[in-house]
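Below is one structure, written out as structure tokens; comments come after it.
Rule-based calculations on the coordinates, nothing more; no lab input. These numbers come from a predicted model, not from an experiment. Heads up, the Cβs are rebuilt from the backbone with ideal geometry, glycines too, and the neighbour counts pull from every protein chain shown.
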Amino acid sequence: MISVRPKVTDLVFQLYGRSLHPELFRHYAVRRLERGQFTADVSITDSGHIVCWRAGGLTLSEVATSSDQPVPEKRRLLSHAIQGEQTDALECASGVCYETCFQLERVRPDVFWNFQQELCADGNSQGLFHRFAAGGRLAIGAVSWMNIETRSKSLLIQAFHTFPDDFAIVKSQSVFQIP
């Protein structure tokens, strides 16, 4: 079965203390942010997203991707399979804090389609949004939407990625914060 997205059971959530080469991923929607003491590049990819956050000399890269995606192991700080609900936090150099929570939620088909329609309605007017081409057995493609909130010393990212073949939704929320 041809699908735009990997299998939802193959997803991983990782954090690196470095930037990742952009050519490793296919980017569908991209936004660059500059606020206060930090910059961030936020991208929707075929399997999830990438956030590359920089402040001072520190770089943190969050990636939600397939476990089959060839990503480096060097300077990987966190790695979790996306299953159920999980939280994690890390304090870095100079007191920079990173916190995340993410979950994989499988829902009934009617709940899934209602949620996906809401994402499409909200995503077209705000945040970072991409609707994927239909693939596999269903005529409607997956959707990714990222809500981005910035303050002078923090970045909040809320991401929602749908997987129609599995009636699954990956939800994540991450905060990058300067002391």
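Tabulated values for the structure
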read-out: Degrees separating the helix 109-123 axis from the principal Cα axis of the chain, which is the longest one; value: 50 degrees
read-out: Rule-of-thumb Rg ratio for region 40-131 [Cα; 2.2 N^0.38 Å; N residues]; value: 1.28
read-out: Loop trypsin sites (Lys or Arg not before Pro), region 22-55, which have at most 14 other Cβ atoms in a 10 Å radius of their Cβ (DSSP); value: ARG26
read-out: When the convex hull of its Cα atoms is projected in every direction, mean area for the chain (nm²); value: 9.7 nm²
read-out: Average Cα contact separation per residue, region 8-177, under 8 Å, 6 or more apart, as relative contact order %; value: 21 percent
read-out: Calculated [θ] (222 nm, deg cm²/dmol) that DSSP helices of n ≥ 4 give over the chain, each run adding -39,500 (n - 2.57); value: -2500 deg cm²/dmol
